[in-house]
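The values are calculated or read from the model by the stated rules, or taken from the named source; none is laboratory data. Just so we're clear, the structure is a prediction, and the values are computed from it rather than from any experiment. Reconstructed Cβ throughout: ideal geometry from the backbone, glycine too, with neighbour counts over all protein chains shown. Ligands, DNA and RNA are excluded from the accessible area calculation, which covers all protein heavy atoms including side chains. Shrake-Rupley method; radii C 1.70, N 1.55, O 1.52, S 1.80 Å.
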Amino acid sequence: MLSSKKHLILPFVGLLALAGLALAGVEEIHNVLELTGKATQKTRFSTDVAADKYTPPEEMDPEFWYKNADAEITKRLQLPQPNAKKAKNIILFLGDGMPIATIAAARILKGQRQGKTGEESSLSFEQFPYTGLSRTYCANAQVPDSACTATAYLCGVKTNIVNIGVSAAVNFNNCTASQTPANRLTSIAEWAQDAGKSTAIVTTTTLTHASPSGAYAKTANRMWECDTDVANYGVDPSTCIDMATQLITQVPGKNFDIMFGGGMGKFLPKTIQDSHGNAGERSDGVNLLSRWQAQHDGGVLVTNRKQLLSVNTSAVSSIIGLFQSKLMNFHLDADDTYQPTLSELTEVTIKKLSQNKNGFFAFIEGGLIDYGNHYTQAGYALDEALEFEKAIQLARDITDPEETLIVVTADHGHAVSIAGYPGRGTNILGINQHDVDLNGVKYSVLNYAAGPNQYLDDAGQRIDLADILGEDEKAIFPSYISKDQGVHSGEDVGIFASGPQAHLFTGLMQQSTIPHLMAYAACIGSGQKVCDKTD
């Protein structure tokens, strides 16, 4: 039996190297050919021989989604309204790849780390007074990615998979269509800036990753993070501007007061070594960080925890923090003297933004929950979820609930389950001791639909995982579909809200309604506003 385990685990050393873990860091794993469906034949609904996924024609018009959001807001306003308060501040916390199953498992792990059975525990945001559900499908995708979903919950319009900040009239990698003014969207960050509010993006991925980019970028390919990336996809980077350049030189990116995350290489030329000892990635020779500093008198660049915590937020105009060359490291692997936690990033962000008498909008992402689930390493995903909930608790503690709306949600789920009738207090990262399969073999509490390891012996039978799961928080969990990584899921995700107008974030809504509801609460943007009801 031991030889069978060894036989099956060795082929996946490559995945462990990809995961990087303590040594190489977290590596990018999203494949746009897989996400767009271009790796397989076109779907039965496709009417275009060049397209792989069908988009309903009416959904290509952004106005379709604006009208949908307006109707959903109107429906909620017909219910009794507990208050008419305006939100001075908005904080959107995004748990990337955080399905309800991950929330439940993280809650159990939290309790078990405290020596309890775990099931009775609660995460900070689960105690918020209002909850709802968000429908995550995108214009041409039953199961979405983080790009089209970011466009929904930040721009208020559903778009095609892999798109960011452009409408569903734009197809994958279509530079020309992405430049058409009618196809380009604005985000709630821009609406907030127009209202005189301070703004921030915070992530544990990169500043040019799909989720934070929804706040500022307009692109037909989420992978166009720097000019080298654009050229690698056969597009002229002088025509279609990469996302790092958009962030530094265009509205609303250049107006952010705070930008915290990884991805330093996307901002520096290949001829320059970044603060983390790695070469930059840009081919155009442009040092975007020097350009940012020249444009922001009083702005500071920080690249590690000590520098971040040393900043006098009252004495600087803006802060950009780039804490790794690429993605930030998992909390379980990070050098905590070098890489700040999400809570520390959150605290500095709120302290700085709170200086604006007009209020602020902040997007704060726990981005590596998604990566833990992609690697089918549930221990990473759950630990990242617990770091995420700590940051949310801190934000609620240091802001006034009478003037700060906090919304917590996910962009999409992951195909992970908690199943099999395990008894109360069973190790959530371990083996179900209370059931066996048809061959009498016990199985894990957490399982993934797709992933790199099925844990089968040479006869195709499941092996005993008792000495693989339970003690090692970094273990790879079993799946039944053989694939290089775990995949997203298409079910609804949770919404949790606290603060002014939080009561509107209940029931089932389109994901694209979320920013319109936040804008309603803060009296920003072009749609309905709570101020219209009280003036």
- Query: What is the log10 of I(q)/I(0) for region 365-496, computed with the Debye formula using one identical point scatterer on each Cα and no solvent, at q = 0.12, 0.17 Å⁻¹?
  - Reply: -0.54, -0.94
- Task: Using only Cα atoms, tell me the angle between helix 378-398 and the longest principal axis of the chain; keep it within 0 to 90° and round to the nearest 10.
- Result: 40 degrees
- Between THR249 and ASP484, 0.36 nm times their residue separation minus their Cα-Cα distance comes to what? 80.9 nm
- Item | Among 474-480, 520-526, the order from most to least packed when residues are scored by Cβ within 10 Å on average | 520-526, 474-480
- Item | Point-charge dipole on Cβ atoms (K/R +1, D/E -1) for the chain, about Cα centre, debye to 20 | 760 debye
- Let me know the shape class of region 427-486, please: from the alpha-carbon gyration tensor, a ≥ b ≥ c as square roots of the eigenvalues, rounded when a/c is under 1.5, otherwise prolate if a/b is greater than b/c, or oblate. oblate
- Task: Could you work out how far helix 100-113 tilts from the main Cα principal axis of the chain, as a 0 to 90 degree angle to the nearest 10?
- Result: 70 degrees
- Average Cα contact separation per residue, region 427-486, under 8 Å, 6 or more apart, as relative contact order %: 40 percent
- Peptides ranked, highest mean first, by Cβ atoms within 10 Å: ranges 504-512, 481-489, 139-147, 159-167: 159-167, 139-147, 504-512, 481-489
- Taking Cα atoms only, helix 342-353 is inclined relative to the longest principal axis of the chain by an angle, in degrees rounded to 10, of 10 degrees
- Message: Quick check for me: using +1 on Lys/Arg Cβ and -1 on Asp/Glu Cβ, what's the dipole size of region 427-486 about its Cα centre, in debye to the nearest 20?
- Response: 200 debye
- Query: Given only helices, namely DSSP H runs of n ≥ 4 each adding -39500 (n - 2.57), what is the per-residue ellipticity at 222 nm of the chain, to the nearest 500 deg cm²/dmol?
  - Reply: -8000 deg cm²/dmol
- Query: Within region 315-369, which GluC sites (Glu not before Pro) sit in a loop by DSSP and count at most 14 neighbouring Cβ atoms inside 10 Å?
  - Reply: none
- Item | DSSP-defined beta bridges in the chain - what % are antiparallel, rounded to 5 | 35 percent
- At most 11 other Cβ atoms within 10 Å and a DSSP loop assignment: could you name the GluC sites (Glu not before Pro) in region 433-535 that fit? GLU471
- Note on the structure: For the chain, cysteines with no other Cys Cβ under 4.7 Å from their own Cβ are listed as CYS155, CYS226
- Query: Between ALA419 and LYS533, what FRET efficiency comes out of the Förster formula 1/(1 + (r/R0)^6) with R0 = 60 Å and r the beta carbon distance, rounded to 0.05?
  - Reply: 0.85
- Note on the structure: Along the dipole axis of region 287-350 (charges at Cβ: +1 for Lys and Arg, -1 for Asp and Glu; origin at the Cα centre), the most positive-end residue among SER310, THR341, LEU288 is LEU288
- Note on the structure: Once phi for every residue in region 283-298 is put through the Karplus expression 6.51 cos²θ - 1.76 cosθ + 1.60 (θ = phi - 60°), the whole-Hz ³J(HN,Hα) values, with Gly and Pro written as x, are 9, 7, x, 7, 9, 5, 6, 5, 5, 4, 5, 5, 8, 10, 4, x
- Note on the structure: Charge dipole of region 427-486 built from unit charges on the beta carbon (Lys, Arg +1; Asp, Glu -1), centred at mean Cα; most positive-end Cα among SER479, ASN432, TYR443 is SER479
- Query: So which GluC sites (Glu not before Pro) in region 60-159 end up in coil per DSSP with only 16 or fewer other C-beta atoms within 10 Å?
  - Reply: GLU119, GLU120
- Long pairs among LYS75/LYS529; LYS197/LYS351; LYS218/LYS483; LYS85/LYS357; LYS85/LYS533, criterion Cα-Cα beyond 21 Å: LYS218/LYS483
- Could you work out the relative contact order of the chain, using alpha carbon pairs under 8 angstrom and six or more residues apart, expressed as a whole percent? 24 percent
- Item | LYS67 accessible area, 1.4 Å probe, all protein chains in place, Å² to nearest 10 | 130 Å²
- Would you mind getting the accessible area per residue of the chain, heavy atoms of the protein chains only, 1.4 Å probe, in Å²? 37 Å²
- Subtracting the Cα-Cα distance from 0.36 nm times the residue separation, let me have the gained length for GLU63 to GLN393 in nm, one decimal. 115.2 nm
